[in-house]
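For reference, the structure discussed in these notes is given below.
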Amino acid sequence: ITNIGPYIIAKQATSGNFGGWSFACNSGGGGYSFSLQIRNAFTNRILVSSPSSSVPIGSWTHLAATYDGSKTAAGVVLFINGNTQSPTVGANTLTGSSSTPETLKIGSRTGNNATTWHGLIDDVRFIYNRALSANEIRLLAQRPGIAYELAPRKFYSLPAAATSRQYRLFRPSILRGA
């Protein structure tokens, strides 16, 4: 991986201990991949990426990652369009907590243009109360409305008119119009 970013979604400090996590598109090796990074210090982290050139350019692509909380790269599984990827491990040294008070950001990590997503992001779904199975990820990639059925208490999304600025998490009942 040559560069991590632009960031698709992140809840990560940009100074101090750099704690938190990020889901990003990466350039390097002649194409694009995506990664999940979880850290509690600059070098104390997990970094797992999809294979180089695995992310198609110019077409809608469903990207997903699961993490089992094990603090190891083996606990991360990456998916593109519902298919499990053979990951590249860039770091596997996480200890301690990756918790951060940082605001969740969609389309950015720091707000500066070097790491801002310059493309379209649609239907952001994240933070379920468990790691979804490979079959559930495949279903999400094929049938977008199923997210409510899988984990209705942990579904969050952006309003349709949202841009890549900071957003607070929305309660599921607000998203459903309840």
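Below is a table of values for the structure above.
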{"item": "Residue-by-residue Karplus 3J(HN,Hα) for segment 11-27, coefficients 6.51, -1.76, 1.60, Hz, glycine and proline x", "result": "9, 9, 5, 10, 7, x, 8, 6, x, x, 8, 8, 10, 9, 8, 10, 10"}
{"item": "Trypsin sites (Lys or Arg not before Pro) restricted to DSSP loop in segment 46-144 with at most 12 other C-beta within 10 Å", "result": "R130"}
{"item": "Placed amide H near S108: partners under 5 Å, 5+ positions off or other chain", "result": "A10, W117"}
{"item": "Using a Förster distance of 35 Å, the FRET efficiency for A134-T95 (Cβ separation, nearest 0.05)", "result": "0.80"}
{"item": "Relative contact order (percent, whole number), segment 1-143, Cα cutoff 8 Å, 6+ residue spacing", "result": "27 percent"}
{"item": "Those chymotrypsin sites (Phe, Trp or Tyr not before Pro) in segment 1-97 that DSSP places in a loop and that have at most 13 other beta carbons within 10 Å", "result": "F42, W60"}
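Coordinate-derived values only; no laboratory data. Predicted, not measured: the structure shown is a model, and the values here were computed from it. When we count neighbours, we look across all protein chains shown, and the Cβ atoms used for this are built from the backbone with ideal geometry, even at glycine.
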